[in-house]
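For reference, the structure is listed below as C-alpha cells.
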Amino acid sequence: MSAPEPAQIPILISVQEADFDVSAEIDALTRGRADVGAVACFVGLVRDVTKAAEGAPVMAMTLEHYPGMTEKSLEAIAREAARRWPLLGVRIVHRVGRLAPADRIVLAAAASAHRGAAFEAAEFLMDYLKTRAPFWKKEETPDGARWVDARESDEHAAARWER
Amino acid sequence: MSAPEPAQIPILISVQEADFDVSAEIDALTRGRADVGAVACFVGLVRDVTKAAEGAPVMAMTLEHYPGMTEKSLEAIAREAARRWPLLGVRIVHRVGRLAPADRIVLAAAASAHRGAAFEAAEFLMDYLKTRAPFWKKEETPDGARWVDARESDEHAAARWER
Amino acid sequence: MKVLYFAWLRERIGLAEEDVEAEAPDVSALVEALRARSPAHAAAFADVSALRVAVDQEAAGFDAPLKGAREVAFFPPVTGG
Amino acid sequence: MKVLYFAWLRERIGLAEEDVEAEAPDVSALVEALRARSPAHAAAFADVSALRVAVDQEAAGFDAPLKGAREVAFFPPVTGG
C-alpha cells in the first residue's frame with residue numbers, strides 16, 4: 001500500500017546555536033496566505049532541575065547533535081507528519097550548544113486549516129523528535145556534568161503514533 | 001468529592017480589538033522562571049473560505065462578544081484546565097471587532113514542566129473556548145454577511161473532556 | 001431585569017438589550033413574556049432549541065429559576081476561537 | 001569507512017570520529033572489530049543494548065549490512081527536544 005504523496009508544503013528546519021522568535025517563526029508559516037486557520041506550536045525550555053532527581057539544580061546544559069543526520073531526521077519527521085495530517089506548513093527549530101535555565105531549546109509548529117490536525121501534528125513532531133532526532137543533552141550541576149538519560153515516557157509517547 | 005485547589009498560577013485573560021504578539025505572550029508565562037519546561041500554544045486565524053461552503057470567499061469577519069461574561073467564562077475555562085493538569089501558567093487572548101483574512105483571532109497557551117500536560121491543556125482550552133465562551137462570528141462574503149453556524153465537530157471535541 | 005440579545009438574535013429583535021418587568025419564575029416563563037412583546041420577538045423566539053441562555057453571566061438552562069436574577073442573556077450557540 | 005561517536009560514547013572512547021578499515025559485513029561485526037582497538041573501545045562497547053546506531057545517517061539495527069556504507073555512527077539513545 002502506498003499512501004498518496006501530500007502536496008508540497010513549506011517544511012522549514014533549522015538547527016542553530018542562536019535563539020529564535022516564536023512570532024517570527026509562526027509568521028513564516030502564515031504570512032500571505034489565508035488558508036491557514038490554525039497553528040499549534042510547542043516551545044521547550046531548559047528547566048533548572050534534573051529530570052532524574054528533580055533535586056540537584058541545573059546550572060547549564062549543552063546540546064550535542066549529529067550534523068548532517070540531524071537536519072535529515074527532522075525533515076523526515078516533518079514529512080511523516082505531513083503525510084498523516086492535512087498540514088499547510090511545518091516549522092522546527094532546534095538549538096544546539098550551551099544553554100542556561102529558562103532558555104528556549106526547541107520550537108515545533110504545525111499549520112493546518114483546522115485545529116485538530118494542527119494539535120495532533122505538533123504533538124507527533126515533538127514525540128518523534130524526542131525519540132528519533134540525534135540530539136544529546138549534558139547537564140551541569142554542582143555535583144558535576146552528566147549526560148541526561150533517555151526517558152521511557154518519551155518512548156511511550158512516541159509509540160502512540162506507531163502504525 | 002472535592003478536588004484539591006491547584007496552587008495559584010498566573011492566569012492571564014485578555015479580550016481586545018488589538019492584535020497580539022505570540023512571543024511576548026509566551027514570554028509572559030516563562031520570564032524569570034526556570035520550572036517551565038514546556039509551553040503549548042495555539043493561534044487561530046481568519047480563513048478566507050466559509051466553513052459551511054468552503055467556497056464563497058470571506059472578505060472580512062466581525063467578532064461579537066458578551067462583555068462581562070466573556071472574561072469570566074475564559075477565566076473559568078483556564079481554572080478548570082489548571083485543576084485538571086499540573087500547569088504553571090495559562091494565557092488566553094481573544095480578539096473582537098472586525099478582522100480580515102489571515103488576521104490572528106485567538107491565542108491559547110499552557111505552560112507546564114512537561115509537554116504532555118501542556119499539549120492536553122492547550123487543546124482543552126481551545127475545545128472549551130469554542131463551545132463555552134460567548135463569541136459570535138459574522139462573515140462578510142460577496143453574497144452578503146451571515147452569522148457562522150456552530151460546528152457539531154466542536155461539540156464532539158469538547159465532549160472528549162467531559163467527566 | 002435586564003435582558004440582552006446577541007448575534008442574529010439581536011439583529012432579528014432589533015435590540016441589544018431591554019429592561020423587562022416580568023414576574024417570570026424561570027427562563028421559559030420569561031421567554032413566553034418576551035414573545036408577547038412584538039412580532040419580531042415572537043419570530044426570534046419561535047424555536048428556542050436554536051438558542052442558549054445565560055443568567056447573571058453564567059450559562060443556564062431554560063428551566064433555570066430567575067429569583068433574584070438581574071441579567072438574562074439570549075444568544076445562538078457560540079462560534080468564537 | 002568513517003566511524004562517529006556521540007555524547008558519553010565519544011567521551012569514553014576519547015574520539016569523535018575515526019577511519020576504520022574493516023571487512024565487517026554488518027554492524028555487529030564492526031562492533032567486534034572496534035572492541036579490539038583499545039581497552040577504551042572495549043569498555044565503551046561492552047553493552048551494546050545501551051547504544052544506537054546509524055548507517056549513512058539513517059537509523060539502523062546492529063544486524064544492518066555495511067556493504068557500501070561510508071559512515072557509521074554509534075551513540076546513546078537520543079535526549080533532545
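So the values come out like this:
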{"quantity": "Meets criteria (of a type in the set (S, T, N, Q), facing chain B (nearest Cβ under 9 Å) and crowded, with 19+ Cβ neighbours inside 10 Å) for A:Thr70", "calculated": "no"}
{"quantity": "The stretch A:2-23 - residue that is modelled with pLDDT under 95 and of a type in the set (Gly, Ala, Ser) and, of those, farthest from D:Gly80 (Cα to Cα)", "calculated": "A:Ser2"}
{"quantity": "Those residues of the stretch A:90-121 which are away from chain B (no Cβ under 11 Å) and either in a helix (DSSP H, G or I) or within 14 Å of the chain's Cα centre (by Cα) (or both), in sequence order", "calculated": "A:Val90, A:Arg91, A:Ile92, A:Val93, A:His94, A:Arg95, A:Val96, A:Ala117, A:Ala121"}
{"quantity": "Qualifying residue in the stretch B:117-132 (condition: under 18 Å from B:Ala40 (Cβ atoms), buried (at least 24 other Cβ atoms within 10 Å of the Cβ) and touching a Leu at 6+ places or on another chain (Cβ under 6 Å))", "calculated": "yes"}
{"quantity": "Residue list for the stretch A:122-144, restricted to those being in contact with a Pro (Cβ under 9 Å, 6 or more places away or on another chain) and either without any contact (Cβ under 8 Å) to a residue 60 or more places away in the chain or in a helix (DSSP H, G or I) (or both)", "calculated": "A:Thr131"}
{"quantity": "Which numbered condition B:Trp147 fails, given (1) touching a residue at least 24 places away in the same chain (Cβ under 8 Å); (2) within 12 Å of chain C (Cβ to nearest Cβ); (3) in contact with a strand residue (DSSP E or B) (Cβ under 9 Å, 6 or more places away or on another chain)", "calculated": "(1)"}
{"quantity": "Some residue of the stretch A:55-66 being buried (at least 21 other Cβ atoms within 10 Å of the Cβ), aliphatic (A, V, I, L, M) and either in contact with a Phe, Trp or Tyr (Cβ under 6 Å, 6 or more places away or on another chain) or farther than 20 Å from B:Ser112 by Cα (or both)", "calculated": "yes"}
{"quantity": "Filter pass, A:Gly97 being surrounded by fewer than 23 Cβ atoms within 10 Å (Cβ to Cβ) and modelled with pLDDT under 95", "calculated": "no"}
{"quantity": "Verdict on B:Val39 being closer than 15 Å to A:Phe42 by Cα, away from chain A (no Cβ under 14 Å) and out of contact with any Lys or Arg (no Cβ under 8 Å at 6 or more places or on another chain)", "calculated": "no"}
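Residue-wise test of (1) within 12 Å of the chain's Cα centre (by Cα); (2) not hydrophobic (A, V, I, L, M, F, W, C).
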| position | (1), (2) |
| --- | --- |
| D:Asp26 | yes, yes |
| D:Ala33 | yes, no |
| D:Val53 | yes, no |
| D:Ala69 | no, no |
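The values are calculated or read from the model by the stated rules, or taken from the named source; none is laboratory data. Since this is a predicted model, take the numbers as computed values, not measurements. Neighbour counts run over all protein chains shown; Cβ positions are idealised from the backbone, glycine included.
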